[in-house]
């Protein structure tokens, strides 16, 4: 008999089967991922976890008997009341007497649920997407300085003294200039001491002269010369900023329905996951506005109703204030996504445009405007039926080449295409950039 | 067997912890009981300790330690893993492989008692059954299976490299769909080689000489000209039609498959054939293993090698395994093969040692013979589920289980109770239950009946729809599509009522390009 300990065998033996399965069910998994993302909170949207696939997509068929018709025999245990010849009412399909039936391999045909790792989840979610060229350039430009060690210099502050290097220089200089060593002096002194009894006067005088010369030489050649001293040198090096803040602006006035808010949320979730993949820290700031704006937490943002007019510029002002307080554009990448049904008080349009172009856009990496419509008035993305106030205002800004994008969305299924459209890899440009 | 009952042996272990020396000790003690007292005959054991992930791995590849790669195994792994993580499903304590040496996997988190139980159950119970049952001897080659699986894995991997993963995947999908129609149900007749042919000829001649009587020549005989077989009959004979092993037929006959594709089909077919005995002996196999572990554990306890605590733990686990909920219980999901098999074997033991009058009447050949192990060893070697139940299900057990037979005829408004556990019902119930375990009765009877290779090459199959139960339509359509893809020409499946030969339903499919090149006309 052998006992073999297999616990130490490499794990993940099934990985390649899993990959094959994922590839096989890719389109379905992708769909499931997007659906499950919609129901999560923004911050943990990219946590990975369980998705549910419809069973038939990865179904393995076989010739098996159907579930209805024909003559069937059942043998059941636990008879209590029946005697031969009794009739039993046919149970509604699938229950009672049909117990010995069931799918042939013992596996149910219900939906198929399984867990995705975080990476698998995000990969599927963001397949083929890339930050737009524009934002990419900005990312490289938006730099912070970091000090790196860069060799030695002859000047510097005492705190940066490079002791090893200094002593090494001093040693080589002392050797080169033949500075007498303390041992040599001591040896001479000892010998002179021995000769003090007058045995060899001539030699004693010669030795004393040599000792005097050497002592003088020590005085002339310093142990450490200013020439030897070296300091550690530091160079400033630019480093791309690895943190981003995402502003979610939303109109919460009465005209925004639950459906519209849901659309906006889905867009925010996508943007959050997308940014999260690129930046280590992503802060999210929620600003809602009616005729006045305030910063709120996520729950309030999506769920608590507000009434009032619609003045978009208030939200922009609030965003400006938050940026000034907490997110210095030099050290933060700022992204903003605004969702609205397009209404704005007519008198406010000019102010909004001015705020955007003069103050916000210069410090933003990217500004996305999402105009959400009612489900019923569905139109293909990009197709414009009647331009809203805000749409018209923003169109002018974009025409002047600002880092801004806007789209209209009427139905849930459009969110993802629109998002992809905004961030899809531009292949021609990509080739240029590389 | 000179076992004087010494109650003073030291326990094999105390508490739940175990180490490798414990397992060795338990194995040796069990071996003594199993081989010495019960007279079991087993392959050499190899016990492998594995963790959770490896157990899930083994689940997804039908328990085999190595297997080729296919997405469906990834699917099963993902499903089992999700269920396990959600706590909806526990894992088996062991998995045992019909190979020589016999490999049993035991889980690392089992307690020492469980490890002992598992070794008794798998490494001796199942092992004995694998080695001795006639079906396994007939259909499987325990010495070669691991080598074959390794060959299969490497061959399919090399095909993937040469022809692309997509091509191999399509082929395997099709082959897997036909896997349940890929077994030879009866051993084929081997064609004799020249030497045995010669010998047979010689024997015949000798026999003829011995019984020669010239009188026979004078008796007027029948006209000896057999009618010439028609072209259709000749064609069918050449292709060995009708043929129920669809994958075999594809492998040998499909006109457009590449040699490597035939080899892959062969691999799937051979693996299906390897598992064929297991599906016919579920009740017996589990019953044998459960009976064995129950005997062994009790013996060990009697000898003082198991502590009382360990015994209680064992009994609790054992009771869970052989629990049979009633049909109206929420937990009911069919007859539990462990419960049925174990009860029947215990019942045989009882009949051998303490027969009642009823037993004398029903089982005269074994009642009171007082050597239950001999009877059981014979049963384990020579029966499968169907014949076992037909032979040995005693009236007492029918009463104990409260078995009753319900007939569901879709033409009648109500279900009817055909038989219950009474004098008139025993035999009926026994036959009906045995039939439920008869593969020939249970599996769908689908056969290739005709194809004209010289003509349009359309493949015609028949499904003899027993009791008018038709195939599941959606699945049938998908499998037919796979079949057409392999065949490369149109295929047609007719569902036939065997009573009247009326065609109940037809499924047709045309090939898609992918597996073989399709001519576009």
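The values are calculated or read from the model by the stated rules, or taken from the named source; none is laboratory data. Predicted model only: the values in this text are computed from it and were never measured. With ideal geometry, Cβ positions are generated from the backbone for all residues, glycine too; neighbour counts draw on all protein chains shown.
For the stretch A:393-419, which residues satisfy the criterion of being in contact (Cβ under 8 Å) with a residue 24 or more places away in the chain and surrounded by fewer than 16 Cβ atoms within 10 Å (Cβ to Cβ)? Walk me through it before giving the result.
Going residue by residue through the stretch A:393-419, those that are in contact (Cβ under 8 Å) with a residue 24 or more places away in the chain are A:393-394, A:396-397, A:400, A:402-412, A:414-419.
Correct list: A:396, A:400, A:412, A:417.
So which residues in the stretch B:28-61 are part of a loop (DSSP other than H, G, I, E, B), in contact with a strand residue (DSSP E or B) (Cβ under 8 Å, 6 or more places away or on another chain) and at pLDDT below 90? Give the steps one after another, and end with the answer.
Our first condition is that a residue be part of a loop (DSSP other than H, G, I, E, B); within the stretch B:28-61, this holds for B:38-44, B:51, B:61.
Keeping just the survivors that are in contact with a strand residue (DSSP E or B) (Cβ under 8 Å, 6 or more places away or on another chain) gives B:42-44, B:51.
Selection gives B:51 alone.
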Going by the conditions given, is residue B:395 in contact with a helix residue (DSSP H, G or I) (Cβ under 6 Å, 6 or more places away or on another chain) and surrounded by fewer than 21 Cβ atoms within 10 Å (Cβ to Cβ)? yes
Tell me which residues, restricted to the stretch B:461-475, are assigned to a strand (DSSP E or B) and within 8 Å of chain A (Cβ to nearest Cβ). B:463, B:471
Scan of the stretch A:142-189 for residues that are surrounded by fewer than 10 Cβ atoms within 10 Å (Cβ to Cβ) and over 30 Å from residue A:330 (Cα atoms), ordered by number: A:155, A:158, A:164, A:176, A:182, A:183
Return the pair list, or none, for Cβ contacts closer than 7 Å from residues in the stretch B:13-39 that are more than 10 Å from chain A (Cβ to nearest Cβ) to residues that are loosely packed, with under 13 Cβ neighbours inside 10 Å and not in a helix (DSSP H, G or I), at least 6 apart or on different chains. B:36/B:1; B:37/B:1; B:37/B:3
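Working carefully through the options B:82, B:122, B:92, find the one that is away from chain A (no Cβ under 11 Å) and either surrounded by fewer than 24 Cβ atoms within 10 Å (Cβ to Cβ) or part of a loop (DSSP other than H, G, I, E, B) (or both). Write out each step before concluding.
On the way: B:82 fails: away from chain A (no Cβ under 11 Å); B:122 fails: either surrounded by fewer than 24 Cβ atoms within 10 Å (Cβ to Cβ) or part of a loop (DSSP other than H, G, I, E, B) (or both).
Only one candidate passes the filter, namely B:92.
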Could you tell me how many of the residues in the stretch B:355-377 are loosely packed, with under 13 Cβ neighbours inside 10 Å and closer than 14 Å to residue B:345 by Cβ? 0
Could you run through the stretch B:489-517 and say how many residues are more than 17 Å from residue B:250 (Cα to Cα) and not in a strand (DSSP E or B)? 4
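Condition check: more than 10 Å from chain A (Cβ to nearest Cβ), closer than 26 Å to residue B:235 by Cα and not in a strand (DSSP E or B). Does residue B:486 satisfy that? Break it down stepwise before answering.
Numbers: more than 10 Å from chain A (Cβ to nearest Cβ): yes; closer than 26 Å to residue B:235 by Cα: yes; not in a strand (DSSP E or B): yes.
Judged against the criteria, residue B:486 is a match.
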With respect to residue B:289, determine if the residue is surrounded by fewer than 16 Cβ atoms within 10 Å (Cβ to Cβ), out of contact with any strand residue (DSSP E or B) (no Cβ under 7 Å at 6 or more places or on another chain) and touching a residue at least 40 places away in the same chain (Cβ under 8 Å). no
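Going by what's in this entry, would residue B:493 be described as at the interface with chain A (Cβ under 10 Å from one of its Cβ atoms), at pLDDT 85 or above, surrounded by 16 or more Cβ atoms within 10 Å (Cβ to Cβ) and within 26 Å of residue B:407 (Cα to Cα)? Break it down stepwise before answering.
Working: at the interface with chain A (Cβ under 10 Å from one of its Cβ atoms): yes; at pLDDT 85 or above: yes; surrounded by 16 or more Cβ atoms within 10 Å (Cβ to Cβ): yes; within 26 Å of residue B:407 (Cα to Cα): no.
No: the conditions fail for residue B:493.
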Among the numbered conditions (1) closer than 20 Å to residue A:393 by Cα; (2) free of Cβ contacts under 8 Å to residues at least 24 places away in the same chain, tell me where residue A:299 comes up short. (1)
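Would it be correct to say that residue B:415 is touching a helix residue (DSSP H, G or I) at 6+ places or on another chain (Cβ under 7 Å) and touching a residue at least 12 places away in the same chain (Cβ under 8 Å)?
Details: touching a helix residue (DSSP H, G or I) at 6+ places or on another chain (Cβ under 7 Å): yes; touching a residue at least 12 places away in the same chain (Cβ under 8 Å): no.
For residue B:415, the condition - touching a helix residue (DSSP H, G or I) at 6+ places or on another chain (Cβ under 7 Å) and touching a residue at least 12 places away in the same chain (Cβ under 8 Å) - is not met.
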Just wondering, is there one or more residues in the stretch B:313-320 that are within 14 Å of chain A (Cβ to nearest Cβ) and either part of a helix (DSSP H, G or I) or buried (at least 17 other Cβ atoms within 10 Å of the Cβ) (or both)? no
If you scan the stretch A:259-290, which residues turn out to be under 25 Å from residue A:345 (Cβ atoms), out of contact with any helix residue (DSSP H, G or I) (no Cβ under 7 Å at 6 or more places or on another chain) and buried (at least 21 other Cβ atoms within 10 Å of the Cβ)? A:260, A:264, A:268
